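The numbers here are math on the coordinates, done by the rules we state, and not lab data. Because the structure is predicted, anything quoted here is derived from the model rather than measured. Positions of Cβ are backbone-derived with ideal geometry, glycine not excepted, and every protein chain shown enters the neighbour counts.
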């Protein structure tokens with residue numbers, strides 16, 4: 001059984017995960033609304049790698065979210081991976097806003113979706129005691 005003080009501590013730590021997630025998502029949306037509006041710039045064939053440079057951090061962020069983060073067992077390393085993945089997903093949107101050219105809106109939407117996949121519903125599992133033994137409790 002978890003004591004009352006431990007439950008409050010767990011609740012506060014999970015709240016930190018949610019605050020980080022909401023602030024990064026909200027910041028990306030606000031930056032897009034204030035700086036990412038207007039007509040898109042025309043694209044040249046030579047600008048294609050620069051225009052699509054936001055896809056690389058998004059891909060790394062997806063790998064962190066679905067391959068690295070579920071295997072984390074310690075809270076500090078999981079939180080570090082959470083923040084790293086969030087920042088890389090946000091980088092996709094930022095690079096899209098500032099360097100995306102005609103792909104600006106698409107990259108920003110991909111960045112928002114990348115940040116959305118980090119919703120910290122899974123953060124509570126780092127605070128709950130795990131059962132061990134031959135038949136774990138369900």
What is the spin-label model distance, in nm, from residue 59 to residue 109 if the labels are put 7 Å beyond Cα along the C-beta direction? 2.1
Want the number for residue 12 to residue 76: 0.36 nm per residue separation, take away the alpha-carbon distance, what's left? 21.6 nm
Using only Cα atoms and rounding to the nearest 10 degrees, what angle (0 to 90) does helix 75-99 make with the longest principal axis of the chain? 10
Between helix 104-116 and the chain, what is the angle of the helix's C-alpha long axis to the longest principal axis, kept within 0 to 90° and rounded to the nearest 10? 0
Semi-axes of the equivalent ellipsoid for the stretch 8-125, Cα gyration tensor, largest first, Å: 30, 15, 8
Quickly work out the residue 19-to-residue 87 label distance, labels modelled 7 Å from Cα along the C-beta direction, and quote it in nm with one decimal. 1.9
